[in-house]
There are 2 protein chains.
Amino acid sequence: MFSQLYRFLPKDSVLLSDEAVRPYECDGLSAYTQRPGAVVLPNTLEEVRKVLQFCHRRKIPVVARGAGTSLSGGALPHKEGILLSLAKFNRILKIDPISRTAQVEPGVRNLAISQAAAPFGLYYAPDPSSQIACTIGGNVAENAGGVHCLKYGLTVHNILELKVFTIDGEWLTIGSQALDSPGYDLLALMTGSEGLLGIIMEVTVKLLPKPEQVQVLLAAFDDITKAGTAVADIIAAGIIPAGLEMMDNAALRAAEEFVKVGYPVEAQAILLCEIDGNTEAVNKQVAQVTTLLEHAGAQEIRLAENEQQRLQFWAGRKSAFPAVGRLSPDYYCMDGTIPRKHLATVLERISELSKTYGLRVANVFHAGDGNLHPLILFDANQPGELQRAEEFGGKILELCVEVGGTITGEHGVGMEKLNQMCVQFNAAELTQFHAVKTAFDPDRLLNPEKAIPTLHRCAEFGAMHVHHGQLRFPELERF
Amino acid sequence: MFSQLYRFLPKDSVLLSDEAVRPYECDGLSAYTQRPGAVVLPNTLEEVRKVLQFCHRRKIPVVARGAGTSLSGGALPHKEGILLSLAKFNRILKIDPISRTAQVEPGVRNLAISQAAAPFGLYYAPDPSSQIACTIGGNVAENAGGVHCLKYGLTVHNILELKVFTIDGEWLTIGSQALDSPGYDLLALMTGSEGLLGIIMEVTVKLLPKPEQVQVLLAAFDDITKAGTAVADIIAAGIIPAGLEMMDNAALRAAEEFVKVGYPVEAQAILLCEIDGNTEAVNKQVAQVTTLLEHAGAQEIRLAENEQQRLQFWAGRKSAFPAVGRLSPDYYCMDGTIPRKHLATVLERISELSKTYGLRVANVFHAGDGNLHPLILFDANQPGELQRAEEFGGKILELCVEVGGTITGEHGVGMEKLNQMCVQFNAAELTQFHAVKTAFDPDRLLNPEKAIPTLHRCAEFGAMHVHHGQLRFPELERF
């Protein structure tokens, strides 16, 4: 059947052999692998449309793929489906310094946008750790964040317009170049929909002027709770840092061993606080933050003395994942969010769970917006360790929900967190999600079996708050 | 049939007589009037749920209403339907100064939130001109903006969580108290959906710390194009004012006659530019903006010397609509957005249209984000004038679309701009909107016949870019 793809695609745009499709069998969540029926690499919009219409007619699943850096299995192929690589759509179509926007194809790398905008003194704000590799289509599909999203928002806050194909090959313009768009907000709906609603073919992003001044403070604490207090204090003072990151001892020690940036390895936690803006405001806020850090009990506070040192402070943070990877044959990166005020409690509970499961954990987080990335260390070659790591991870996410948070900050649900979606949402909410899916893709061909679990799966998982035909709404108790 | 409402609602919560329902026959767009079959004013969530289930079973239309300040007919009743007033849900449930959020019922007035948050040094940023009267439920339904949304965003950027009833009485929690929410972004989808997708029963809004310093500059120009250039220059310099507003001679003269705030009545245009933030940054930016205004050819630049004068500068702007209302028996307020760079062209074209239609127009706009509010002056008692005003307004909106803008910035589509939606969107896009509606309200009972026109209506209006079974996508021409 897949050989019919040659009818409308050039020979080198269709990969069918086992060997040829193997490089596409997983994404950044390498614990899951699956070879697709076929991989296609179309060159033109018309070719993409034909692929979609082919799949739509024959009810063949379609999984879109950018750079394959998803950490939740978002680009994991479907066994009977087509893996649609958008790698060839890698052109920056327009940079407009007046309206401060860039129009780009989905396969353009995140960092390439900022590089192209640099001559105009502009940049694209969201900066996932994988920004050197990950592409903007995937960023939109996952509503990617990054170190700077505390101040500058997630992907959804930094895009204006999308052009997308629906599963039946219709071409939609979503959002607009102007302030707001009439009709339902499909721009936000499509952003973070993990490839389940449409295929993103063009993105207009906002560009920001580079700040006049950037400063980074590094603060070391002998107790992780004190670091948590410092975070709360900074935010409570009305300061919005460009980035506010925390690493615990395990994470900062691993980073230091890996990249040798001079982190204080005895500290139980370090905070990195970046302030940007105009020079006077930055200087004043650096002084304010320094005082707050001192009051919170920081043992040591360093201000990066120059751009080189600033980049060095960040180099440790940015290499934290691979650095932790060196401590253990495998690690499992979690991604939960919590209201900031529960930071200390949650860390304590994670530490208890670590003992229960007999697995070490290193903590790296976007502390400013309560986005945790616990890295669970394990060895997949030890029988049962992968399963224990997954169970441990699941418990962490359920803990996030328990304190009023969510099971994903920026990595998406994908294949990975389907069970935890049953904890996060009740049957009515999941049913509403499925209805929205049906509005775009009634045959469920786009990235099937991901992101939104079926009610059946939740019932099996045992976590669904089944209503037994009764509405439960605790809010009523107010009355 | 409506008398059955008494079965589950207290007597004083149901209005049936012609006299009793008359006050609800229109909203802020008073050119349209319609009495509903019944008005209900429920007191509890349970009562609201019963009303919805009653309507759902009997296929009765439901129109929700807050304060009725909509300028696009969003709260216009349906002849055979129930007008669901949420006026009794007016409690602020919680102010949390630590997480900087407020949980409020939909009938709470916009300004009341900031008043309740003031003791904590906090406020709610979106500030529609009607903020003294309009309620947060309506703000969410219309994705309301205001003078400060240039810097602080629209309603959608300032809310975290919604609790809503679906038409069949299901209770959904949408969004979350944390950074981001998994699943599809129904929070943004619901925001601005004009009452067509669900009934908003609780809103968690973000609160912001009051800025340390606020300054306002007033600049007068002898030519409106120069004022437009000044706007572009300020934005191009990387400055994001808290507000950046323009008024043309007709508008500023009317405002001056009405409130006597000392506006320079000979000016062809004035700009009001508010800068907020920390004191040093504000002082520096005020100096920068002053230089830019001088270069752009401002004849006069005034800095408000104290808080009283600052409020006076704004008092003129905030009273512009009623002030213009004194120039003429009636006026019609438009609400289009355009990319800022087309400001001068669009103003010129509006001025030409004004001559063509023989109707005066006064221009007030959120210049910073390209959101125009031309006020068309007419006399409804002169035969044909209302119709001419509506036609003129339609042309202005189509002009906005032509230059890459949209037909509404912050007032919504409602009853008013259904025809212009046919200009803004093609058949595939409108079809997708209807599919989304079906995912929430398959019987089309919630606020029917508003916001999204049927394809039939567009065909009658003659503006639909019908595809004749062919996909048109000009983007393909690139290849």
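Counting only protein heavy atoms and using a 1.4 Å probe, the accessible area of B:I98 comes to about 120 Å².
Between B:V214 and B:Q115, take the C-beta separation as r, use R0 = 25 Å, and let me know the FRET efficiency to the nearest 0.05. Don't skip to the answer; put the middle values down first.
Values: r = 18 Å, r/R0 = 0.71.
The computed FRET efficiency comes out at 0.90.
The accessible-area loss of segment B:392-429 on complex formation, taken against its chain alone with a 1.4 Å probe, reaches 20 Å² or more at B:G404, B:T406, B:T408, B:G409, B:F425, B:A428, B:E429.
Here the label points at B:A237 and B:A459, each 7 Å from Cα along the C-beta direction, are separated by 5.5 nm in the simple model.
Taken along the Cα-to-beta-carbon direction at a fixed 7 Å, the label points for B:S3 and A:A31 span 6.5 nm. Annotation for segment B:273-342: trypsin sites (Lys or Arg not before Pro) lying in DSSP loop with at most 13 further Cβ atoms inside 10 Å of their Cβ are B:R326.
Applying a DSSP loop filter and a limit of 16 other Cβ atoms within 10 Å to the GluC sites (Glu not before Pro) in segment B:150-215 leaves B:E212.
Working from label points 7 Å from Cα in the Cα-to-Cβ sense, the B:L303 to A:N381 distance is 7.0 nm.
In deg cm²/dmol, rounded to 500, what helix-only [θ] at 222 nm does chain B give when every DSSP H run of at least 4 residues adds -39500 (n - 2.57) and the total is split over its residues? Mind dumping the intermediate values first?
Working: 16 runs with 162 residues, N = 479.
-10000 deg cm²/dmol, from helical runs alone.
Distances between equivalent label points of B:R35 across the copies, with each point positioned 7 Å along Cα→Cβ, amount to 7.4 nm, shortest listed first. For A:A380, the amide hydrogen comes within under 5 Å of the amide hydrogens of A:D330, counting only partners 5 or more places away or on other chains and with H modelled in the peptide plane. Legend note: in chain B, cysteines whose Cβ sits 4.7 Å or more from every other cysteine Cβ are B:C26, B:C55, B:C134, B:C149, B:C273, B:C333, B:C400.
Projecting the Cα positions of A:T33, A:T291, A:G243 onto the charge dipole of chain A (unit charges on Cβ atoms of Lys, Arg, Asp and Glu, taken about the Cα centre) puts A:T33 furthest along the positive direction.
When all alpha-carbon pairs of the protein assembly as shown are counted, what percent fall beyond 42 Å? Provide the component values of the computation, followed by the final result.
Details: 166466 of 458403 pairs.
So the portion of pairs separated by more than 42 Å is 36 percent.
Inter-copy label distances at B:K210, using a point 7 Å along Cα-to-Cβ, come to 3.8 nm with the shortest given first. The mean sequence distance of close C-alpha pairs (under 8 Å, at least 6 residues apart), as a share of the length of segment B:3-47, puts its relative contact order at 41 percent. A Cα-only calculation for segment A:7-111 places Rg and Dmax at 15.0, 49 Å.
Carbon-plus-sulfur fraction of the accessible area of segment A:2-85, 1.4 Å probe, in percent? Within segment A:2-85, the accessible surface is 48 percent carbon and sulfur. Phi-derived couplings, Karplus 6.51 cos²θ - 1.76 cosθ + 1.60 at θ = phi - 60°, listed residue by residue for segment B:430-441: 5, 4, 5, 4, 5, 5, 5, 4, 4, 5, 10, 8 Hz, with x used for Gly and Pro. Computed with every protein chain present, the accessible area of A:D276 is close to 20 Å² [probe 1.4 Å]. So for segment A:58-217, taking the charge dipole from beta-carbon charges (+1 Lys/Arg, -1 Asp/Glu), which of A:T166, A:A67, A:L93 sits furthest toward the positive end? Highest projection toward the positive end goes to A:A67.
Over segment B:92-209, with the other protein chains present, what is the accessible area per residue in square angstrom, probe 1.4 angstrom?
Spelled out: the 1.4 Å probe surface of segment B:92-209, per residue, equals 26 Å².
The relative contact order of chain A, computed from alpha carbon pairs under 8 Å that lie at least 6 residues apart in sequence, is 14 percent. When the listed pairs A:K437/B:K163; A:K206/B:K284; A:K151/B:K450; A:K163/B:K395; A:K50/B:K59 are checked against a 30 Å cut-off, the alpha-carbon distance exceeds it for A:K151/B:K450; A:K50/B:K59. Using the Cβ-Cβ distance between B:A133 and B:R91 with R0 = 22 Å, the FRET efficiency computed as 1/(1 + (r/R0)^6) comes to roughly 0.80.
Given an 8 Å cut-off on Cα distances and at least 6 residues of separation, report the relative contact order of segment B:92-209 as a percent. If you can, show how the numbers build up before the last one.
On the way: 240 pairs, mean separation 37.5, N = 118.
Reported as a whole number, the value is 32 percent.
Over all alpha-carbon pairs in chain B, figure out the percentage whose distance exceeds 35 Å. Could the numbers behind the result be given before it?
Numbers: 39791 of 114481 pairs.
Roughly 35 percent, rounded to a whole number.
With a Förster radius of 56 Å, plug the Cβ-Cβ distance of B:R57 and A:T291 into 1/(1 + (r/R0)^6) and report the FRET value to the nearest 0.05. Here the calculated transfer efficiency is 0.35.
The separation of segment B:194-234 from segment B:35-92, counted between C-alpha centres, amounts to 31 Å.
Considering only A:T337, A:L418, A:A389, the residue lying farthest towards the positive end of the dipole of chain A is A:L418, judged by Cα position with unit charges set on Cβ. A point 7 Å from Cα along Cα→Cβ stands in for A:T438, and the other copies hold the same point at 0.9 nm, listed in rising order.
Between the C-alpha center of segment B:401-423 and that of segment A:306-328 there is a gap of 49 Å.
Couplings 3J(HN,Hα) for segment A:314-325, derived from phi with the Karplus relation 6.51 cos²θ - 1.76 cosθ + 1.60 (θ = phi - 60°), are 6, 4, x, 5, 6, 9, 4, 5, x, 4, 5, x Hz, where x marks Gly and Pro. The mean accessible area for residues of segment A:2-85, using a 1.4 Å probe and ignoring ligands and nucleic acids, is 41 Å² per residue.
Placing unit charges on C-beta atoms (Lys and Arg positive, Asp and Glu negative, everything else neutral), compute the dipole magnitude of segment B:72-169 about its Cα centre in debye, rounded to 20. Don't skip to the end; give the middle numbers.
Details: 8 positive and 7 negative charges, 44 e Å.
It comes to approximately 200 debye.
Rolling a 1.4 angstrom probe over segment A:213-322 with all protein chains present gives an accessible area of which 51% lies on carbon and sulfur atoms. For the pair B and A, the buried accessible area comes to roughly 6800 Å² in total, with a 1.4 Å probe and the value rounded to the nearest 100. Applying the Karplus relation 6.51 cos²θ - 1.76 cosθ + 1.60 with θ = phi - 60° to segment B:81-87 yields 3J(HN,Hα) values of x, 9, 9, 9, 7, 9, 4 Hz, where x marks Gly and Pro.
Please give the per residue accessible area of segment B:237-362, computed with a probe of 1.4 Å over protein heavy atoms only, in Å². Display every interim value, and only then the final one.
Values: 5310 Å² over 126 residues.
I get 42 Å² per residue for this part.
The values are calculated or read from the model by the stated rules, or taken from the named source; none is laboratory data. What you see is a predicted model, and the numbers here were worked out from it, not measured in a lab. Neighbour counts are summed over all protein chains in view; Cβ atoms, including those assigned to glycine, are modelled from backbone coordinates with ideal geometry. We work out accessible area using only protein heavy atoms, side chains counted, and drop any ligands, DNA or RNA first. Shrake-Rupley method; radii C 1.70, N 1.55, O 1.52, S 1.80 Å.
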